[in-house]
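First comes the structure, then the notes that go with it.
Each reported figure results from applying straightforward, stated rules to the coordinates on display, with no laboratory input. Only a predicted model underlies this, so the values are computations on that prediction, with no experimental measurement involved. We place every Cβ from the backbone using ideal geometry, glycine too, and count neighbours over all the protein chains shown.
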Amino acid sequence: MLVLGIDPGTASTGFGLAGRDGSRLRAVEQGMIATRRGVAPERRLAEIYARICELLERHRPDAMAIEELYFGANVQTAFAVGQARGVVLLAAGQRGIPARSYTPQQVKSAVCGSGHAPKQQVGRMVARLLALDAVPSPDHVADALAVAICELNAAPLARTIDLAGDRTRGAVAAGAGLRRREVPDALAALARGER
């Protein structure tokens, strides 16, 4: 399995391609998409989009993992990061590549065992897990590889849950005389005590 991890940003978007061979994780490619200050936002977003499309076409990953927006005190930065996330998700969606989002705490937990691990620890663990000679730099690249590792570790469980959910919805639908697409509404009504 090959995953493209993304740490989005308008000024710099980190990317990291990581794969799994059996139980071994490996880094395939990593880097940063940097855009110039003073360039119109639509041009910066177009550059990010084009580079992500290029990576997706060249490597054809099985999935994309993207870090969730961390909403700090700077609202303008949050909007810019959201826009960068949008063009990255668009590139994946146009190619039918599934994309999952992970919070910074989920990524840190998956890589370090603690959702409050400092950035330096995340970088060191990424290097160790991927058998890299050095800590990936800058932080955006280490974070992108970390989110890819998070997806590589979560994907088998997610597939199992999806499969079990499909089977459960099918069985519930058959037993209740419902069409498959009606099951989520019926389950929600049941949870509310309406059935």
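Summarising the label geometry, the points placed 7 Å from Cα in the beta-carbon direction at Ala40 and Ala11 lie 2.3 nm from one another. Taking 0.36 nm per residue of separation and subtracting the current Cα-Cα distance, fully stretching the chain between Val28 and Leu2 would add 8.5 nm. Computed over the Cα atoms of segment 78-127, pair by distinct pair, the Kirkwood hydrodynamic radius stands at 12.5 angstrom. Exposure proxy shown here: for Met64, Met32, the number of other Cβ atoms within 10 Å sets the order, fewest to most, as Met32, Met64. Eigenvalues of the alpha-carbon gyration tensor of segment 2-161, scaled by 5 and square-rooted, set the equivalent ellipsoid semi-axes at 23, 18, 15 angstrom, largest first.
Charge dipole (Cα centre; +1 on Lys/Arg Cβ, -1 on Asp/Glu Cβ; no other charges) of segment 2-161 amounts to roughly 60 debye.
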